[in-house]
1. On each of the three principal axes of the Cα atoms of region 417-484, give max minus min coordinate, whole Å, ordered largest first.
2. Using every pair of alpha-carbon atoms in region 332-484, split the distances into 5 Å bins beginning at 0 and state the percent of pairs per bin, rounded to integers.
3. For the peptides 460-472, 212-224, what is the packing order when you average, over each peptide's residues, the other Cβ atoms within 10 Å and list the highest mean first?
4. Once you treat every alpha carbon in region 90-148 as an equal point and sum by Debye, what is log10 I(q)/I(0) at q = 0.30 Å⁻¹?
5. Roughly what % of Cα-Cα distances in region 327-388 sit above 14 Å, to the whole percent?
6. Would you kindly derive the ³J(HN,Hα) couplings of region 189-205 from the backbone phi angles with the Karplus curve 6.51 cos²θ - 1.76 cosθ + 1.60 (θ = phi - 60°), listing them in order in whole Hz, with x for Gly and Pro?
7. Just to confirm the number: angle between the C-alpha axis of helix 48-58 and the first principal axis of the chain, 0 to 90 degrees, nearest 10?
8. How many percent of DSSP beta bridges within the chain run antiparallel, rounded to 5?
Amino acid sequence: MELKNKKWTEEEFFKVREEVLNHWPTGKDVNLNDAVEYLKKVPEHKNFSKKLRKAKEEGVTLAQPRAGVALISEHIELLTYLQDVGEADLLPSTIDSYTRQNRYDECQVGIDESIAAGRSLLNGFPGVNHGVQGCKQVFEAVNLPLQARHGTPDARLLSEIIHAAGWTSNEGGGISYNIPYAKSVSIEKTLLDWQYCDRLVGFYEEQGISINREPFGPLTGTLVPPSTSNVVAIIEALLAAEQGVKNITVGYGMCGNMIQDVAAMRALEEQVNEYLVQKGYKDVYITTVFHQWMGGFPQDEAKAFGLISLGAATAALAGATKVIVKTPHEAIGIPTKEANGQGIRATKMALNLLRGQRMPLSKELETEIAIIKAETKCMLDKVYELGNGDLAIGTVKAFSSGVVDIPFAPSKYNAGKMMPARDNNGAVRYLEFGNLPFSQELKAYNRKKLEERGKYEGRDVSFQMTIDDIFAVGKGVLIGRPGK
């Protein structure tokens, strides 16, 4: 199929679908009629879209962990623990790396070896290999909505299986699950593959079933300037809306300066709604997700809890609909269920104490929102211009020309010319603009903010600042000052 930002016809969708379901034996177990009937019976408190909508209307921030292991019984045990002892509001199923790369044969070996070893030897839940029945078992064993969280460039078969099993949310998108995760997958291919995933959700919406979609906000999780992640979230939301998605959660990864983080969340929510209405998508319900710190974590558990609590507080003060929770074992590896539960409970404590509180609008907050929106608009305008009005085509051209550029991404389809660094207050700014289509005024503002830091530290503004900043939080500070 040729890539364009146009809703797939049923004929186009079902033609591709045949090929998708034949890719691995468990695909043959997906029956759309059965899936529709099953999803219609999902109770309201286990439907992701409905729970998010209720939280937003009540002004509550929900807490969701990341978690996933290889075997069904162990995965159920893990999720039940996070639900009952961890006090999670929403449940994930983090999918393993083999599945993310569509390497289902090797995944099966991993499952068999996990059975023999009596413990998980995969770094997540292999949803495709377990199939509809296995995923249903998990869904029926818990009492909260389930979402697949993964990082899969081609998630078409996975999406078919999880939705047919009652999971009412799927994370990802053609940019956010490609550029930060893959080296050699073209954006054109992933945009098409994710149009399929979105068209599947659109099909369910046409049957009266509400399914949530969530672009992955943090991207590479390392010094991503807010306007860069916001522009990707807005593009992915607009592409999803075209395919018939009605419930979208746009997200952002914590950078650490609280005013900038709150501004980023507010700018994102306001702008995505503006663009959706402007482009004719007037019946899309938007919620937001704030991701706790995605970079290097301190190894000391007490310090890790400090970082987790700061993320929880920022999410609450920003008015996020949900927050993705980290664990005190983040610096060590895959956390125990106990550590995961502790991260959620620490987060919930902060959320409960801050319930109903919002960061008041100040001159600083207002300025930050205006800057983020202006930078985002510069990029989005250029994307549409490059695509002659077609967002999908424009997106491919924007990445090849560096008009949108994600820092520290492995993808060869990303220019990698833009470079970020923190200013003197820890806000993330643009150090090198690469080919970003910013106005001279916006470039001057970013330079001025970095020069203020250079003057304070008695050094030139340079890439060394970026390097220092990457390691700073792991050492217990936000800004990488020389000699600290």
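Taken together, the values in this text are just the output of simple stated rules run on the coordinates, not laboratory data. Since we're looking at a predicted model, the values are computed, not measured. Cβ coordinates were reconstructed from backbone atoms using ideal geometry, including for glycine residues, and neighbour counts include every protein chain displayed.
1. Computed over region 417-484, the largest-to-smallest principal extents equal 35, 22, 16 Å.
2. Here the calculated profile for region 332-484 is 2, 8, 12, 14, 15, 15, 13, 13, 7, 1, 0.
3. Averaged packing, sorted descending, gives the order 212-224, 460-472.
4. Results for region 90-148 at q = 0.30 Å⁻¹ read -1.25.
5. Within region 327-388, distances greater than 14 Å cover 75 percent of Cα pairs.
6. Residue by residue, region 189-205 yields 5, 5, 5, 5, 5, 7, 4, 4, 4, 6, 5, 4, 5, x, 4, 4, 4 Hz.
7. Approximately 50 degrees, to the nearest ten.
8. In the chain, DSSP labels about 15 percent of beta bridges as antiparallel.
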